[in-house]
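The values are calculated or read from the model by the stated rules, or taken from the named source; none is laboratory data. Note that the structure is predicted; figures quoted are calculated from it, not measured. Note: ideal-geometry Cβ built from the backbone for every residue, glycine included; neighbour counts use all protein chains shown. Note: areas computed on protein heavy atoms with side chains; ligands, DNA, RNA excluded. Shrake-Rupley method; radii C 1.70, N 1.55, O 1.52, S 1.80 Å.
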Amino acid sequence: MEKIKSRNVKESLDSRDYGTKVNVKGWVRTKRGSKNVVFISLNDGSTIHNLQIVVDLEKINEQTLNNVTTGAAISVDGELVKSLGSGQAVEVNAITVDVLGTADPEEYPLQPKKHSLEFLREIAHLRFRTSTFGAIARVRHTMIFAIHKFFNDRGFYNIHTPIITAADAEGAGEMFRVSVLNPENPLRDESGSIDFKQDFFGRETNLTVSGQLEAELAALALSKVYTFGPTFRAENSNTSRHLSEFWMIEPEVAFSDINDNMDLAEDMLKYLVQYALDHCQDDLLFLNKRQQDEEKNKKMDQRSPMTLLEKLQFVLDNDFLRITYSEAIDILKNSKPNKKKKFSYLVEKWGVDLQSEHERYLVEKHFKKPVIISDYPKNIKAFYMKLNDDGKTVRAMDVLFPQIGEIIGGSQREESYEKLMQRIKECNISEKDIWWYIETRKFGTVPHSGYGFGFERFIQFLTGMGNIRDVIPFPRTPKNAEF
């Protein structure tokens, strides 16, 4: 008796071993038929493409297919044959079809029709089964692997930094508290304040906003390190570019200045885009067509100037242009959108924080290439960034991409103990909370640099999705923690 080979859908579609007996399992996308034959479209998540199962009703009783409905899980034994139809090279002639799990058509919400992204967010436990979210999940996985490969191949060490911390790396104070104290009646000290000494860690703690400070400690011994972990911001923002929980990649490099930092960021981004084009072709082609279909419903002036694939190639084909913040401000002040008051946030003076609309103008309209802006005013940047000789600016850098704005933010870190202490005092940061960070500037300090790379924002760029909530499996946003 010929042995039946177990194969997933992708392996089956890639095979040309016609006549081979195979077993494939998956979920039914569609079922259609005629008097003598039934066609089942099967997908198991291994590829964007579906495998066609052909059921000859003279060999298999039609009643056994009653529970083979959209969403049902089935196991099929059959023969891999050359497809007679268009759109696929192979199909499976079924010998047996077993239903592993039914899906009542009256209740199953993912019927074969177009569903809105808003609706799919409400059923996030099932949206992986759609072509769009299957593609995003596969692209996301591939990029996770590619990021680790990029840094590993360049001699970096991956560091796990704490999720629970007493330090606020950004100094913004928008953090989620972690406590086991009774929220209705917490223990209080003699002054009436909450007595965090009685809490689990003996002090006030929060979910981390960044692993940077701890990564710096490791870099000042291992030279090249990176983190890849979850971060949390308690910012009440409901934009299409913000999440309350998201993943960050944060390299830190000793003996590195801001120019080295910009080089690393550009090299990494180009490597990842090329890796995606090389390894996610089918999914990106699908997402490219999806975006083009979405664009047709927009007004002409709201349509993207580039398709998804053109946008990715745009990153590869262009050296990232490097300008200072002061140069960027001059360009924006004199731009048509600013003079005609088309910007929502007008650029009137040096020192303002750049908004997404300003960043996109520089990339998409003025320079028409990715841009890296450096040397920002110290007053709008974090305390740990190295002060320039002018005393007004710091060696910060932001990488700006088309349609997304800032995708990376980083800096050369302040290695001078005296200057770091001065900035800590200016920013009213508690020295006792980060004494360990300060001490690294006393014992063998060196120039060093690093950046933060928001993973979801990059996946949003890579997949062309309009809302960041659709590129993370279970988004955490204000008033939303359902799944």
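Does Val139 fit the bill of being assigned to a loop (DSSP other than H, G, I, E, B), within 21 Å of Ile249 (Cβ to Cβ) and among the hydrophobic types (A, V, I, L, M, F, W, C)?
Details: assigned to a loop (DSSP other than H, G, I, E, B): no; within 21 Å of Ile249 (Cβ to Cβ): yes; among the hydrophobic types (A, V, I, L, M, F, W, C): yes.
Answer is no for this residue.
Tell me, which strands (runs of 3 or more DSSP E) lie completely within segment 205-259 with 2 or more residues that are out of contact with any Lys or Arg (no Cβ under 9 Å at 6 or more places or on another chain) and closer than 27 Å to Phe320 by Cβ? Give the steps one after another, and end with the answer.
Working: elements: 205-207, 224-232, 245-254.
Ranges flagged: 224-232, 245-254.
So if I check each of Glu414, Glu439, which one is open to solvent by 40 Å² or more (accessible area, probe 1.4 Å), at pLDDT 95 or above, of a type outside the set (Lys, Arg) and closer than 28 Å to Leu220 by Cα? Please lay out each step first, then the result.
Working: Glu414 fails: open to solvent by 40 Å² or more (accessible area, probe 1.4 Å).
After applying the criteria, what remains is Glu439.
Check whether at least one residue in segment 89-100 is among the aliphatic types (A, V, I, L, M), open to solvent by 60 Å² or more (accessible area, probe 1.4 Å) and within 36 Å of the chain's Cα centre (by Cα), and report yes or no.
Taking every residue of segment 89-100 in turn, at least one turns out to be among the aliphatic types (A, V, I, L, M), open to solvent by 60 Å² or more (accessible area, probe 1.4 Å) and within 36 Å of the chain's Cα centre (by Cα).
Would you point out the residue of segment 219-230, among those that are in contact with a strand residue (DSSP E or B) (Cβ under 7 Å, 6 or more places away or on another chain), of a type in the set (A, V, I, L, M, F, W, C) and open to solvent by 20 Å² or more (accessible area, probe 1.4 Å), that is nearest to Pro447 (Cα to Cα)?
Leu220
Here are the criteria: (1) of a type outside the set (A, V, I, L, M, F, W, C); (2) touching a residue at least 40 places away in the same chain (Cβ under 8 Å); (3) assigned to a helix (DSSP H, G or I); (4) open to solvent by 20 Å² or more (accessible area, probe 1.4 Å). Tell me which single one Gly134 does not satisfy.
Looking at each condition in turn, Gly134 falls short on (4).
Any idea how many residues of segment 267-283 are open to solvent by 20 Å² or more (accessible area, probe 1.4 Å) and under 18 Å from Ser374 (Cα atoms)?
So the answer is 1.
Could you tell me which of the residues Phe443, Phe474 is out of contact with any strand residue (DSSP E or B) (no Cβ under 8 Å at 6 or more places or on another chain) and under 15 Å from Trp247 (Cβ atoms)?
Working: Phe443 fails: under 15 Å from Trp247 (Cβ atoms).
The match here is Phe474.
Can you report the number of residues in segment 435-448 which are part of a loop (DSSP other than H, G, I, E, B) and under 12 Å from Leu213 (Cβ atoms)?
Qualifying residue count for the region: 1.
Residues that are surrounded by fewer than 16 Cβ atoms within 10 Å (Cβ to Cβ): find the helices (runs of 4 or more DSSP H) completely inside segment 315-368 holding 3 or more of those.
Hits in segment 315-368: 325-333.
If you go through segment 121-131 one residue at a time, how many are outside any helix (DSSP H, G or I) and either in contact (Cβ under 8 Å) with a residue 40 or more places away in the chain or among the charged types (D, E, K, R) (or both)?
2
Which of the following residues is polar (S, T, N, Q), touching a residue at least 40 places away in the same chain (Cβ under 8 Å) and touching a helix residue (DSSP H, G or I) at 6+ places or on another chain (Cβ under 7 Å): Thr69, Thr47?
Values: Thr69 fails: touching a helix residue (DSSP H, G or I) at 6+ places or on another chain (Cβ under 7 Å).
Step by step, each of Thr69, Thr47 is checked, and only Thr47 is polar (S, T, N, Q), touching a residue at least 40 places away in the same chain (Cβ under 8 Å) and touching a helix residue (DSSP H, G or I) at 6+ places or on another chain (Cβ under 7 Å).
Okay, residues lined up against (1) polar (S, T, N, Q); (2) assigned to a loop (DSSP other than H, G, I, E, B):
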| residue | (1), (2) |
| --- | --- |
| Asp390 | no, yes |
| Gln403 | yes, yes |
| Lys419 | no, no |
| Gln422 | yes, no |
| Lys425 | no, no |
| Ile429 | no, yes |
| Asp433 | no, no |
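Does segment 115-123 contain any residue that is of a type in the set (Ser, Thr, Tyr), surrounded by fewer than 15 Cβ atoms within 10 Å (Cβ to Cβ) and over 23 Å from Phe228 (Cβ atoms)?
Yes - at least one qualifying residue is present in segment 115-123.
List every residue pair whose Cβ atoms lie under 9 Å apart, where the two residues are 6 or more positions apart in sequence or sit on different chains, the first residue falls within segment 9-26 and is more than 12 Å from Val90 (Cα to Cα), and the second residue, located anywhere, is open to solvent by 10 Å² or more (accessible area, probe 1.4 Å) and among the β-branched types (Val, Ile, Thr).
From residues that are more than 12 Å from Val90 (Cα to Cα), the pairs are Lys21/Ile4; Lys21/Ile95; Val22/Ile4; Asn23/Ile4.
May I ask you to say which residue of Arg233, Arg188, Arg241 is in contact (Cβ under 8 Å) with a residue 12 or more places away in the chain, more than 15 Å from Gly450 (Cβ to Cβ), among the charged types (D, E, K, R) and open to solvent by 60 Å² or more (accessible area, probe 1.4 Å)? Steps first, please.
Working: Arg188 fails: in contact (Cβ under 8 Å) with a residue 12 or more places away in the chain; Arg241 fails: open to solvent by 60 Å² or more (accessible area, probe 1.4 Å).
Result of the check over Arg233, Arg188, Arg241: Arg233.
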